[in-house]
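The next block holds one structure in the form of structure tokens; read it before the comments.
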Amino acid sequence: MTTLSMTPSPSCDTNPLDLMEQIVCNYEWAFDRRNSSEMAAEAPGKWCDYGLYFSWSDELSALHFTCAFDLKVPEKYRKSLYELIALANERLWVGHFGLDLETGMPLFRHAILLRGAQTASAESLEDMIEIAISECERFYPAFQFVLWSGKSATEALDAAMLDCAGEA
């Protein structure tokens, strides 16, 4: 029987938020580095602006990322939106959608574990942001269809995910 060595591996030598700050600066987005473990930024999108929040846990060697829609979900539509979120999450490879109970805002969340790594690569952090904004943009119309058009979650997702074929 094989045994695992349980000696602690070195944690991240560099705080990935330092690199994230450089990336956000390169995009020329407004940001606020609250402390060594938290950073917030605002990214423009096609449908709305997105609130980005990054949280670094030294203890877990994990970077948690949240991308919030600039969209409030009224209480009466939350049940329908939860159904849409469940259906949308089935179509994602990375991250997941959720709903912040305090603000009523839809969110995209993802975390990167970095135990044993020197730091996160700039490419992986850029990919994390790009994937989040891309998925938020892709599903934003479905959220709108549920909230403002009275569509069911399935109808909204089908309408928003309509793929055109052929050439115009």
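Taken together, the values in this text are just the output of simple stated rules run on the coordinates, not laboratory data. On a predicted model such as this, the values are computed, not experimentally measured, just so you know. Every residue, glycine among them, receives a Cβ derived from its backbone with ideal geometry; neighbour counts consider all protein chains shown.
Site pair V94 and D127 shows an inter-label distance of 0.5 nm when each label is modelled 7 Å from Cα along Cα→Cβ.
Hydrophobic long helices, here whole DSSP H runs in the chain with Kyte-Doolittle means of at least -1.0 and Cα atoms spread over 15 Å or more along the helix axis, are found at 16-27, 78-89, 122-148.
In the chain the longest region clear of GluC sites (Glu not before Pro) that are loop-assigned by DSSP and have at most 13 other C-beta atoms within 10 Å covers 103-166.
Here's the picture: a label point sits 7 Å out from the Cα of C48 along the beta-carbon direction, and within the stretch 93-110 the residues with their amide nitrogen under 16 Å of it are 97-109.
Under 5 Å between amide hydrogens, built in the peptide plane, is the criterion, and for E38 it picks out W56 among residues at least 5 positions away or on other chains.
For the stretch 5-96, the list of chymotrypsin sites (Phe, Trp or Tyr not before Pro) that fall in a loop by DSSP and count at most 14 other C-beta atoms within 10 angstrom reads W93. A quarter of the convex hull surface defined by the alpha-carbon atoms of the chain gives 14.1 nm² as the mean projection.
What is the stretch 74-168 by shape, rounded, prolate or oblate, if you read a ≥ b ≥ c off the alpha carbon gyration tensor as root eigenvalues and call it rounded for a/c under 1.5, prolate for a/b larger than b/c, and oblate otherwise? It is oblate, given that a/c is not under 1.5 and a/b is not larger than b/c. Counting other Cβ atoms within 10 Å, which trypsin sites (Lys or Arg not before Pro) in the stretch 24-125 have at most 16 and lie in a DSSP loop? Answer by residue number: K46, K72, R91, R115. So, counting K/R as plus one and D/E as minus one, what does the shell of residues with Cβ under 12 Å around A41 add up to? Surrounding charge for A41 is -4.
Based on the Cβ-Cβ distance from N35 to T14, what FRET efficiency comes out when R0 is 25 Å, to the nearest 0.05? Efficiency, rounded to the nearest 0.05: 0.95. Using the Cβ-Cβ distance between N26 and K72 with R0 set to 22 Å, the FRET efficiency works out to roughly 0.10. The Cα atoms of the stretch 12-87 give a gyration tensor whose axes a ≥ b ≥ c have a/c of 1.5 or more with a/b no greater than b/c, which makes the shape oblate.
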